[in-house]
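S.K.: Got a structure for you, written out below as structure tokens; questions coming shortly.
What follows is calculated from the coordinates using simple rules that are stated; it is not laboratory data. Fair warning: this is a prediction, and the values are worked out from it, not measured in the lab. Note: ideal-geometry Cβ built from the backbone for every residue, glycine included; neighbour counts use all protein chains shown.
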Amino acid sequence: MSLRTALARPVPAATATTVVLLPVIAAMILIWTRGSSPQPIDFGWFGPGGADLLTGRWGSIFGDPAVQAGPFELLPFGVAQLLGVSGTTAWTVFLAACGAATSFLTAIVLRPTLSADLRSSALAAGGTLIVSVAGPTASWTLGHPSEALVPLVWAVAGRLAVRDRPVLAAVLVAASTGFEVWGVLGAPLVLLAPRLRLVRSAIAGAVGLGALWAPFALAGPFAMFSFSWPVVQRSLVHALEPGATTFPWTFRVAQALVSTGAGTAVALLLRGRGGSWGPWAVITAVVAARLILDPVLAGYYWDPALIATVGAMVLAAHRADLVAAVVVAVAVVLTADVAAPVPRAIALTGLMLLAAAGLRWRAGRATPARPPRRHAFASARP
């Protein structure tokens, strides 16, 4: 049996993903257990908030503006709070288990096809290893696993939209805000649907947001939107307004307009033409454009863009597309947490727009011209 035949052999997708991913998970657990994982940075807020969520005291969860995590992100830290996790060893085991579970989910989402073959599983496992080593699955140690989980939910939503299920995609985008509120920025993914159902999708998204957040807003004080972020000197916000020291939620609106605008442009360029590239390109554009006007520019803010570009890289490898591989390689490099974050965010956003325009042009050239239609009154015979 040839290697090509072996890789194409049908196997249950979950089984193949698990088998290929096991050594990856084992390696990560070994690394984490040999090191020392301290208590997550924001556990002082997220732990008690999650415990309140699990014990039914919903009215006290979002009374503190510093709690900027959604209920889904608070849940695991609430479990740790109620279990009394403390000390280096206990936190290392807890965070390693959470990171391994996130890696498994990442491998499933990164699969380039739905076919149950070993090749797709191997490519997904390779992409997951890159993502894990670079940081997103280790974002649990920072207390912000949403940087890995939100883009995974977005990717599923984008694939549903491509398969002409925009209403369900809108519901998933709304659900992603349960990790952190910026999940709503994934709305442009709905525009990838071949048939736009904007009214239905908007209503479904609004209902999803209401069902998720209304219970907390009604249960007690809801001070999330009174929080302000510090402005770092290397941000564009500081360059535009040197005297600005805080970045309130009202400024987040402008940031959201820029990021969703970039995502909308990419989605419309790829709609009906970009196919499976669409979700990865839109996610990258949204996240990169969001960083252009971000006041903090924390290193882990690049994690969603890294996941999206690695997803595109796995797809390029599966299709053996050299041009796409080069573009994706440049995009992956631009997600690195190094100096000059704003110019890199601008460059990454521009690259996604150019790539989307190029894919649209290439798809247009590949589509054969339709023969001219005859008039209804024309004779059927020459």
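S.K.: For Leu268 and Val333, what is the calculated FRET efficiency with R₀ set at 35 Å and r taken between the beta-carbons, to the nearest 0.05?
M.R.: Using R0 = 35 Å, I get an efficiency of 0.85.
S.K.: Using the reciprocal of the averaged 1/r over all distinct C-alpha pairs, how large is the Kirkwood radius of the range 149-364 in Å?
M.R.: The Cα-based Kirkwood calculation yields 17.6 Å.
S.K.: A follow-up question, please. Can you compute the FRET efficiency between Gln233 and Val253 using 1/(1 + (r/R0)^6), with r the Cβ-Cβ distance and R0 = 35 Å? Round to the nearest 0.05.
M.R.: 0.90
S.K.: When only DSSP loop residues count, what trypsin sites (Lys or Arg not before Pro) in the range 286-373 have their Cβ near at most 11 other Cβ atoms within 10 Å?
M.R.: Answer by residue number: Arg373.
S.K.: Report P(r) for the range 60-160: all Cα-Cα distances, bin width 10 Å, range 0 to the bin holding the largest distance, values in whole percent.
M.R.: Each 10 Å bin holds this share of Cα pairs: 14, 40, 31, 13, 3.
S.K.: Could you tell me the center-to-center distance, by alpha carbons, between the range 163-208 and the range 251-290 in angstrom?
M.R.: 13 Å
S.K.: Once you charge only the Cβ atoms, +1 for Lys and Arg and -1 for Asp and Glu, what is the size of the charge dipole of the range 149-364 about its Cα centre, to the nearest 20 debye?
M.R.: With only Lys, Arg, Asp and Glu charged at Cβ, the dipole is about 780 debye.
S.K.: Here's something else I'd like to know. Between Ala206 and Arg319, take the C-beta separation as r, use R0 = 35 Å, and let me know the FRET efficiency to the nearest 0.05.
M.R.: 0.40
S.K.: Sort Trp45, Trp280 by Cβ crowding within 10 Å, fewest neighbours at the top.
M.R.: Trp45, Trp280
S.K.: Please report the spacing between the Cα centers of the range 302-329 and the range 35-79 in Å, no decimals.
M.R.: Going from one Cα centre to the other spans 34 Å.
S.K.: Could you work out how much longer the chain between Arg195 and Ala97 gets when fully extended? Use 0.36 nm per residue separation minus the Cα distance between them, nm to one decimal.
M.R.: Working it through step by step, the gained length comes to 31.2 nm.
S.K.: Report the percentage of all Cα-Cα pairs in the range 111-241 whose separation exceeds 26 Å, rounded to a whole percent.
M.R.: It works out to 41 percent of all Cα pairs.
S.K.: What area, in nm² and to one decimal, does the C-alpha convex hull of the range 204-268 cast on average over all directions?
M.R.: 6.4 nm²
S.K.: While we're here: Between Ser226 and Ala214, 0.36 nm times their residue separation minus their Cα-Cα distance comes to what?
M.R.: Contour length minus the Cα-Cα distance gives 2.6 nm.
S.K.: Tell me the label-point distance for the pair Ala363, Arg57, using the 7 Å Cα-to-Cβ offset, in nm and rounded to one decimal.
M.R.: 5.1 nm
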